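The next block holds one structure in the form of structure tokens; read it before the comments.
The values are calculated or read from the model by the stated rules, or taken from the named source; none is laboratory data. The structure displayed is predicted, hence computed values, not measured ones. When we count neighbours, we look across all protein chains shown, and the Cβ atoms used for this are built from the backbone with ideal geometry, even at glycine.
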Amino acid sequence: MNQAPQPPTTPKISVVIPYHNRADYIDETLDSVLSQKGGFELVEVLVVDDHSDDPASLEALERIARHDLVRVLTNEGPQGPSAPRNVGVRAARSDWLAFIDSDDVWLEGSLAARVAIARSEPSAQWISGDYCYWYGGDRREATSVILGCSHNGPLVRRAEKNGRICLERPAAAFIEGNPSWTGTTLVRKDLVLSAGGFDETLTQAEDRDLWMRLGLDADLWFLPEVIALARRHETNITNRPDPPDMWNLRAYRKRLADPRFAPYRAILRAKMLQCYKRQARRFRDCGEFRCAMRAYAGAISAHPWDVEAWRGLAASTIRKR
């Protein structure tokens, strides 16, 4: 006798929120998480404090810790976003993890839309979606960040098949572009742990670095809808005056030295060449010729026969813009 098909199990989800001096935003972020409804069980929200030192932010932590679903943890930091996320990953009591930063928000139905893919695609281990930049209130960009990007948009659309978008083993896609975002990611905990978690030596590009590693072993299911808002403000970590592509280059160098990425070394070197030359041109435009020389030297180390890099190095040596 044929048995009736078993209904899919209800995914249990832990949400991880790294936190550092975000008293002005954490309540809005937390409200957007706790208001999510759908075919899942929200087990806990792990707010991991990266050693906040602002009195208002410390008071906010005490207040939100009174919520039944919220657990406030402390990182050994302050170390940036990677370490507190890893603390949350290790402490999570669920099979599924979702991430959001303490100044961003999920839109209504954000988690349910991702869970719907997890329930309908038994092989799915890693799910993401699109998002928009947001300036508070009703002020948000009209164009989404991923599908609206001239590079990432076509990259994602090419992976559409039968009405669903699945990027198969997308390590190369995350070297060439960045068709995902931490704030829209739903992923199996064991997958993150097996990949080694977030690299705590990276202050930025730490998410892209993890996605490159996840892309060796898992497909990425992509939801072509805006399901979250990334808040833009003066204290965003991406506003730091770092040289262009500095953190991406650090991530690429790590993967270049990783034996698992041997099949991708040509793509890595080509991408590093682009980044180094872009960085060098910026330095030359600013009159920082020694920095430009170092960047061109990096480009040459990635591609020794690139004529433009050699010409740029020579021009920088004689301080010519």
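Numerical summary
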read-out	value
Residue list for region 41-57, filter: within 17 Å of Asp103 (Cβ to Cβ) and either part of a helix (DSSP H, G or I) or among the polar types (S, T, N, Q) (or both)	Ser52, Ala56, Ser57
Conditions (1) of a type outside the set (Val, Ile, Thr); (2) part of a helix (DSSP H, G or I); (3) modelled with pLDDT of 90 or more: number failed by Arg284	(3)
Filtered residues of region 259-289 (kept if touching a helix residue (DSSP H, G or I) at 6+ places or on another chain (Cβ under 7 Å) and more than 13 Å from Pro243 (Cα to Cα))	Phe261, Tyr264, Arg265, Ile267, Leu268, Arg269, Lys271, Met272, Leu273, Phe289
Identity of the residue in region 73-107, β-branched (Val, Ile, Thr) and crowded, with 18+ Cβ neighbours inside 10 Å, that ends up nearest to the chain's Cα centre (by Cα)	Ile100
Region 156-187, residues that are surrounded by fewer than 23 Cβ atoms within 10 Å (Cβ to Cβ) and touching a Lys or Arg at 6+ places or on another chain (Cβ under 7 Å)	Glu176, Asn178
Residue count, region 190-209 (criterion: surrounded by fewer than 18 Cβ atoms within 10 Å (Cβ to Cβ) and part of a helix (DSSP H, G or I))	4
Failed criterion for Gly38 (all others in (1) surrounded by fewer than 16 Cβ atoms within 10 Å (Cβ to Cβ); (2) assigned to a loop (DSSP other than H, G, I, E, B) hold)	(1)
Residue in region 299-321 that is modelled with the lowest pLDDT, counting only those that are over 33 Å from the mean Cα position of the chain (by Cα), β-branched (Val, Ile, Thr) and not in a loop (DSSP other than H, G, I, E, B)	Thr317
